[in-house]
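For reference, the structure is listed below as structure tokens.
The values are calculated or read from the model by the stated rules, or taken from the named source; none is laboratory data. Values in this document were obtained by computation on a predicted structure and should not be read as measured data. Note that we place each Cβ from the backbone using ideal geometry, even for glycine, and neighbour counts take in every protein chain shown. Heads up: the accessible areas ignore ligands, DNA and RNA and are worked out on the full protein's heavy atoms, side chains in. Shrake-Rupley method; radii C 1.70, N 1.55, O 1.52, S 1.80 Å.
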Amino acid sequence: MDPAAPLLFFDSGVGGLSVLAPTRALLPKAPIVYAADSAGFPYGGKSEAELAARVPALLGRLVERYRPRLAVIACNTASTIALDQVRAALDIPVVGTVPAIKPAGELSKSRVIAVLGTEATVRQPYVDDLAARFAADCTVICHGSPELVALAEAKLAGDYVPLEDVRAAVAPMLAAPRGGEIDVVVLACTHFPLLCEELAAALPGVVQVDGGAGIARRIAYLTQGQPWPLAPPPGLAVFTAPPPATLAVSLAQFGINEVKLL
Ligand code: DGL
């Protein structure tokens, strides 16, 4: 194993940074390539067929170019739709993102939980299967919110996120039958942990769970015993369409100091 071989993170936009952060905390020496399919953003509004064609092809190109030791699909939408195809197409380990319904089912006292994701994620049978397996005695309220995805992008680009916009985005979820009893919300889109303070203000008393820490542990397990560089190089971000220049400040906070176009 080449110590310089990076970990490759993939998302439609900045959401995967919420998976990158706990991974860097566990593996501070890991070289990082963060890839954002900004030309295809947002994924939540795309069809299954579009994503099943787009995601494996892009990851194939990225793996060819950057020779990562492992790829992380840091996107629930892409994982719930294309993980199997990506795994079949690549000869490196691929870690996906699974909605954290299991811990939510364990934590909920009211037995009413919410799954907040993209429109594409919350309509996947995979989500219903997880709910049936791990939260069978819970009322599970699923809500897809493209608005929150856009707000997370805006926040990281340095824009102010009005709390009333976050409140409006989660209002349909709270208005669903038994919505007022939700005590745990699964952040089933990697963009949403980037709005955790705003969501805490909009959903007071509701526990937020996401898969970031679990994915980081999985990556650490799969790379156990592998060599890392003595001093890791600065992280690289690769975009498929030019990002806003103002994003550089947020990227630097995640250890990414170089931006390229694919
Ligand atoms: N971050 C993504 C997810 O976890 C996708 C957001 C989008 O592009 O709609 O689902």
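When each pair of different Cα atoms in region 89-191 is counted once in the 1/r mean, what is the Kirkwood radius in angstroms, to one decimal?
Result for region 89-191, one decimal place: 14.6 Å.
Between ALA39 and ALA241, what length comes free when the chain is fully extended (0.36 nm per residue of separation minus the Cα-Cα distance, one decimal in nm)?
Answer, rounded to one decimal: 72.2 nm.
Hey, what angle do you get for helix 48-66 against the long axis of the chain, alpha-carbon based, 0 to 90 degrees rounded to 10?
30
Once both labels are modelled 7 Å past Cα along the beta-carbon direction, what's the ASN257-LEU163 spacing in nm?
Calculated label separation equals 3.7 nm.
Hey, in the GNM for the chain with a 10 angstrom Cα cutoff, which one of GLU197, GLU153, GLU48 fluctuates hardest?
GLU197
For ALA154 and TYR221 in one chain, what is 0.36 nm times their gap in residues minus the Cα-Cα distance, to one decimal in nm?
Length difference between fully extended and current span is 20.8 nm.
Hull surface divided by four, with the convex hull built on the Cα atoms of region 1-51: how many nm²?
4.6
Quick one: among GLY60, GLY211, GLY44, which has the greatest mean-square fluctuation in a GNM of the chain with alpha-carbon springs under 10 angstrom?
Per the Cα network of the chain with a 10 Å cutoff, GLY60 tops the list.
Expressed in whole Å with the largest first, what are the equivalent ellipsoid semi-axes of the chain derived from the C-alpha gyration tensor as the square root of 5 times each eigenvalue?
Semi-axes from the Cα gyration tensor: 30, 20, 17 Å.
At a 1.4 Å probe, what is the % contribution of carbon and sulfur to the accessible area of region 132-183?
About 56 percent, which is the carbon plus sulfur part of the accessible surface.
Skip the ligands, DNA and RNA, and give the accessible area per residue of the chain with a 1.4 Å probe, whole Å².
Ligands and nucleic acids excluded, the result is 43 Å² per residue.
May I ask you to list the trypsin sites (Lys or Arg not before Pro) in region 50-156 that are in a DSSP loop and have at most 13 other Cβ atoms within 10 Å of their Cβ?
Loop-located and lightly packed - LYS109.
Semi-axes of region 16-81's equivalent ellipsoid from the Cα gyration tensor, sqrt of 5 times each eigenvalue, largest first, rounded to whole Å?
So the three semi-axes of region 16-81 are 23, 14, 9 Å.
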